[in-house]
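Following: one structure in structure tokens, then a few remarks.
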Amino acid sequence: MPSSEPTALERLINGILPENPIYRQLLGMCPTLAVTNGMKPAMTMAAATAAVLIGANVIISLIRGFLKPHLRILVFTLTIATFVTMADRFLAAYMYQMSKELGPYVPLIIVNCLIISRCEICASKQRLSVAVADGVGMSLGFALALASIATVRELLGSGTWFGVTILPEAWWPRWGILVLPPGAFLVLGVLMAVVGWYTHRGAARGGQAN
């Protein structure tokens, strides 16, 4: 009897766009709003989250046969906390200025609903290859969302991208609000509306074709 669970490839693809953690599931909103005023902090956060997510998925998938229902959340949290500590110490050792810039948001990965939800939904129920693919797909989707928001905020707010001047101030006025906290909400709302419109448009076209 064929399994109804998604395959590794399906998990990978779904995490990038169809089930994008930011635009579709609204998970991990705290770092999304807090660190997307520039591409460097956004991509550093995306990389740290990916390391934790994939690592946690691997461990949980490997020990899924030993998980007890009443202890699974505790095990998920301890596993995630271990990888978050490793990521935090790595940043502090090799990217000290970025670690200071990100501040408490790296330790807060521990309570990121994206990671614990993937442990519950996928890693604790499916084999290692599927769990890894799920972690990679969700990580790519998370990075894509952070990159899109950070690109708009940094480019229009500061005229730069990864710190390199793209829009000279002589002919592009700085939209300072975009690099402030309210700008995160504005850009996120606009991009979510665009993604929603594009998704419904594609669904409508598919319905007409059928």
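The values are calculated or read from the model by the stated rules, or taken from the named source; none is laboratory data. As the structure is a computational prediction, the values presented were derived from the model and not from experiment. Neighbour counts are summed over all protein chains in view; Cβ atoms, including those assigned to glycine, are modelled from backbone coordinates with ideal geometry. Surface accessibility is based on the protein's heavy atoms, side chains included, excluding ligands, DNA and RNA. Shrake-Rupley method; radii C 1.70, N 1.55, O 1.52, S 1.80 Å.
In table form, for the structure just shown:
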| read-out | value |
| --- | --- |
| Loop chymotrypsin sites (Phe, Trp or Tyr not before Pro), the range 101-166, which have at most 13 other Cβ atoms in a 10 Å radius of their Cβ (DSSP) | F162 |
| Apportionment of accessible area to carbon and sulfur, the range 1-72, percent (1.4 Å) | 67 |
| Set of aspartates and glutamates near K68 by C-alpha distance (under 15 Å), chain-local residues within fewer than 8 positions excluded | E120 |
| Largest-first principal axis extents of the Cα set of the chain (Å) | 64, 55, 24 |
| Inter-label distance for H70 and L186, nm, one decimal - labels placed 7 Å from Cα along Cα-to-Cβ | 5.3 |
| Formal net charge of residues neighbouring W175 (Cβ-Cβ distance under 12 Å; K, R +1; D, E -1) | 0 |
| Quarter of Cα convex hull surface for the range 1-107, i.e. mean projection, nm² | 8.6 |
| Segment A47-T199, extension gain: residue separation times 0.36 nm, minus the distance between their alpha carbons | 52.0 nm |
| Whole-Hz ³J(HN,Hα) from phi, Karplus 6.51 cos²θ - 1.76 cosθ + 1.60, for the range 112-127, glycine and proline x | 5, 4, 4, 6, 5, 5, 6, 4, 6, 6, 10, 4, 7, 10, 10, 5 |
| Cα-based helix-to-principal-axis angle, 181-209 vs the chain, degrees rounded to 10 | 60 |
| With all protein chains modelled, accessible area of L180 [1.4 Å, Å²] | 90 |
| Note, ³J(HN,Hα) from phi for the range 65-74, Karplus 6.51, -1.76, 1.60, rounded to Hz, x at Gly and Pro | x, 9, 5, 9, x, 7, 10, 5, 5, 4 |
| Proximal aspartates and glutamates to K100, defined as alpha-carbon separation beneath 12 angstrom and excluding residues fewer than eight positions away on the same chain | D88 |
